[in-house]
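Please treat every number below as a calculation from the coordinates, not as lab data. Note that this is a predicted model, so its numbers are computed, not measured. Virtual Cβ from ideal backbone geometry, glycine too; neighbours counted across all protein chains shown.
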Amino acid sequence: FRFKDSLAQDLRGADLVISHAGAGSCLETLEQGKPLIVVINDKLMNNHQLELAKQLQSDGHVLCCSCSTLVETLQSMDLSTLKPFPPGQPEKFASFLDKVVEFQ
């Protein structure tokens with residue numbers, strides 16, 4: 001998609017998501033419990049997307065590839081090896097933030 005207000009409905013209906021490694025795209029997909037293949041754009045400088053993708057792959061949540069290895073990844077993938085992404089805990093962050101700014 002070039003731009004869409006929300007991918008929520010598309011994600012709910014998906015069996016597999018192939019995406020770039022943007023944090024929002026990755027986290028929204030993983031929070032929906034969908035298997036994710038992350039295609040890394042290796043042409044970006046200071047590639048934070050690469051760092052995120054590699055960490056998510058290292059943690060067992062996604063499969064990573066490049067454009068040139070996408071077909072091979074699709075042919076050899078075993079989605080049963082992917083681990084569910086743990087849900088966020090915003091209350092822990094709120095508590096931490098309250099302590100930092102002394103709103104106890």
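This model, with +1 at the C-beta of Lys and Arg and -1 at the C-beta of Asp and Glu, gives segment 7-101 a dipole about its Cα centre of some 120 debye. Each label point was placed 7 Å from the Cα along the Cα-to-Cβ direction; for Glu91 and Leu74 their separation is 4.3 nm. The count of lysine pairs in segment 7-101 with alpha-carbon distances below 27 Å, taking only pairs 8 or more places apart or on different chains, stands at 8.
Our coupling estimate for segment 21-33, obtained by passing each phi through the Karplus curve with A = 6.51, B = -1.76, C = 1.60 and θ = phi - 60°, is 9, x, 4, x, 5, 5, 5, 4, 5, 5, 5, 7, x Hz, Gly and Pro reported as x. For segment 74-87, the Karplus equation 6.51 cos²θ - 1.76 cosθ + 1.60, evaluated at θ = phi - 60°, returns couplings of 4, 6, 9, 5, 10, 5, 5, 7, 6, 8, x, 7, x, x Hz by residue, with Gly and Pro reported as x. Comparing mean-square fluctuations of Ser25, Ser76, Ser66 from a GNM of the chain with C-alpha springs under 10 Å, the top value falls on Ser76. Per residue, the chain reaches -12000 deg cm²/dmol at 222 nm when only DSSP H runs of four or more residues are counted, each adding -39500 (n - 2.57). Summing +1 for each Lys or Arg and -1 for each Asp or Glu among the other residues whose beta-carbon sits under 15 angstrom from that of Ser68 gives -1.
The residues neighbouring Gly33, those whose beta-carbon lies less than 13 Å from its own, together hold a net charge of 0 under the Lys/Arg +1, Asp/Glu -1 convention. A simple count of charges around Pro90, restricted to other residues whose Cβ falls under 14 Å of its Cβ and scoring Lys, Arg +1 and Asp, Glu -1, yields -2. Phi angles of segment 54-60 translate, via the Karplus equation with coefficients 6.51, -1.76, 1.60 and θ = phi - 60°, into HN-Hα couplings of 5, 5, 5, 5, 4, 7, x Hz per residue; Gly and Pro are given as x. Taking amide H atoms as placed 1.01 Å from N in the peptide plane, the amide H of Cys64 lies under 5 Å from those of Val38, each 5 or more residues away in sequence or on another chain. Identify which of the listed values of P(r) over Cα pairs in 5 Å bins from 0, in percent was calculated from the structure shown: (1) 3, 14, 26, 27, 19, 9, 3, 0; (2) 2, 12, 19, 20, 17, 13, 7, 5, 3, 1, 0; (3) 2, 13, 24, 29, 22, 8, 1. Given (1) 3, 14, 26, 27, 19, 9, 3, 0; (2) 2, 12, 19, 20, 17, 13, 7, 5, 3, 1, 0; (3) 2, 13, 24, 29, 22, 8, 1, the calculated one carries the label (2). Label reach from Cys67 (point 7 Å along Cα→C-beta): in segment 16-55, amide nitrogens under 15 Å belong to 19-21, 39-45. Axis of helix 90-100 versus longest Cα principal axis of the chain: the two differ by about 50°, to the nearest ten degrees.
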